[in-house]
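Student: One structure is given below, represented as structure tokens, and several questions about it will come after.
The values are calculated or read from the model by the stated rules, or taken from the named source; none is laboratory data. Remember, it's a predicted structure, so these values are computed and weren't measured experimentally. Using ideal geometry, Cβ is built from the backbone for each residue, glycine included, and neighbour counts are taken over all protein chains shown. Calculation scope for accessible area: heavy atoms of the full protein, side chains included, ligands and nucleic acids excluded. Shrake-Rupley method; radii C 1.70, N 1.55, O 1.52, S 1.80 Å.
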Amino acid sequence: MDNLEHLITRSIKTYYKNRLRAPIIFMVILLLVGFIWPINKMISPDLYQEEDISLHELYNQKDYYGRYMLKDLYFTGYTSKWLDETRGYYYYTMINSECVIVLLDPETCQQGEPTISDICIKGRILYDSTAARTLLSNLASDLHWSEEGILTSVSSYTISEPDATDIPSLAIQFIYVVFGLFSIISIIIYIVYINFPVLSLPVQKTRAYGKPSEILAEAEEELATLPQLATEDMFITEHYFIETSSYGVAIVPIDAIIWIYKYSTMHKFLWHHFSITYTLYITAGKRHYIKCPKNIKSDIDGIIDYLSEANHDILVGFSEENRLKVEEIQNDFAIIRKITGFLSKRV
């Protein structure tokens with residue numbers, strides 16, 4: 001009896017403590033990924049004025065992404081293409097007495113504006129890129145320079161706006177932010193549920209039948225004082241069916257149960273059959289569905305027999321007839337009927 005004291009509350013805390021591990025581990029992985037790769041800089045790049053830009057230092061510090069304030073850019077006459085689409089326009093500008101090639105997005109440079117007096121772009125620093133080498137080789141040919149001469153006159157580093165704002169980069173940032181927010185929100189929610197079990201989903205689902213805090217208190221009292229039937233993780237009290245397994249916690253009034261049935265699962269590896277487990281399915285009013293997996297047949301049969309005796313209105317066993325009855329009781333297609341009725345009137 002002492003083990004049943006506040007069992008539901010303890011089970012809720014244990015359940016969410018176990019679930020808390022996954023988002024914490026995932027958050028640590030995201031932090032490691034952000035430490036190894038410059039994703040944080042991709043999402044929130046630093047702003048650099050032209051006089052503060054040292055491409056060599058930034059690249060060596062792995063600060064590949066940033067927002068750059070640039071002045072006096074001149075169009076080279078060359079573009080970058082991908083699948084017959086113009087990806088960007090090549091410009092050159094002077095940064096700290098060094099000639100630097102800058103690849104601008106078509107919209108940023110108005111499809112190749114000859115000169116740009118000042119601009120602020122989000123870009124990625126590239127070192128000795130193949131595209132930049134090809135560009136400089138073509139420029140040397142056009143200007144009748146030697147390729148070696150133009151390579152020594154122009155920085156080996158380029159700033160590329162498309163490489164910082166293209167779809168793959170934006171997708172990586174979006175996924176990283178979404179997963180990060182999901183992990184943080186999950187951690188916060190699980191901590192709240194651990195400290196305040198009455199706010200957890202298993203308890204709040206009972207709002208359809210009354211005040212959750214009162215139902216939890218009554219179920220705890222009945223379970224601690226006079227359980228009618230008990231298995232390893234399923235209990236029946238005077239008024240409630242209670243599940244406290246590692247797969248979840250559930251509280252449902254017996255008089256709200258509509259349908260119960262069991263489903264068997266064969267566990268095997270290759271040709272060897274290990275065991276059969278049974279899952280109890282319970283459908284209660286207000287579309288409350290409970291699944292109790294991996295139980296033994298005798299426990300499931302005992303629960304079904306007791307519940308069917310306690311509430312003679314419960315439909316027992318899976319059949320098409322019972323499914324249709326539950327569908328009618330739950331009025332599952334009420335919304336669809338309303339929509340079709342409204343549309344038929346309109347037609």
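Student: Say we look at segment 225-235 and pick out the residues that are under 18 Å from T14 (Cβ atoms) and in a loop (DSSP other than H, G, I, E, B); which of these is most open to solvent (accessible area, probe 1.4 Å)?
Tutor: Out of the qualifying residues, it is E232.
Student: Which of the residues spanning segment 18-49 are open to solvent by 40 Å² or more (accessible area, probe 1.4 Å) and of a type outside the set (A, V, I, L, M, F, W, C)?
Tutor: N18, R19, R21, N40, K41, S44, D46, Q49
Student: On to the next question. Working only within segment 68-91, note down all residues that are open to solvent by 90 Å² or more (accessible area, probe 1.4 Å), within 14 Å of I121 (Cα to Cα) and either among the aliphatic types (A, V, I, L, M) or in contact with a Cys (Cβ under 7 Å, 6 or more places away or on another chain) (or both).
Tutor: none
Table: residues versus (1) without any contact (Cβ under 8 Å) to a residue 40 or more places away in the chain; (2) among the aromatic types (F, W, Y); (3) touching a Lys or Arg at 6+ places or on another chain (Cβ under 8 Å).
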| site | (1), (2), (3) |
| --- | --- |
| I43 | no, no, no |
| L73 | no, no, no |
| Y91 | yes, yes, no |
| E113 | yes, no, no |
| A140 | yes, no, no |
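Student: Among the residues of segment 190-200, is any closer than 26 Å to C292 by Cβ, free of Cβ contacts under 8 Å to residues at least 12 places away in the same chain and of a type in the set (V, I, T)? Spell out the reasoning first.
Tutor: Pass one, segment 190-200, residues closer than 26 Å to C292 by Cβ: 190, 192-194, 196-200.
Subsequent filtering for residues that are free of Cβ contacts under 8 Å to residues at least 12 places away in the same chain retains 192, 196, 199.
So of that shortlist, the ones also of a type in the set (V, I, T) come out as 192.
So far as segment 190-200 goes, yes, one or more of its residues are closer than 26 Å to C292 by Cβ, free of Cβ contacts under 8 Å to residues at least 12 places away in the same chain and of a type in the set (V, I, T).
Student: Condition (residue is part of a strand (DSSP E or B) and either loosely packed, with under 14 Cβ neighbours inside 10 Å or in contact (Cβ under 8 Å) with a residue 12 or more places away in the chain (or both)) applied to segment 159-173: is it met by at least one residue?
Tutor: Yes - at least one qualifying residue is present in segment 159-173.
Student: For segment 33-67, name all the residues that are out of contact with any Cys (no Cβ under 7 Å at 6 or more places or on another chain) and part of a strand (DSSP E or B).
Tutor: D46, L47, Y48, Y65, G66
Student: Just to check your reading of the model, which residue among E238, E222 is more than 34 Å from the chain's Cα centre (by Cα), modelled with pLDDT of 90 or more, under 19 Å from H6 (Cβ atoms) and assigned to a loop (DSSP other than H, G, I, E, B)?
Tutor: The match here is E238.
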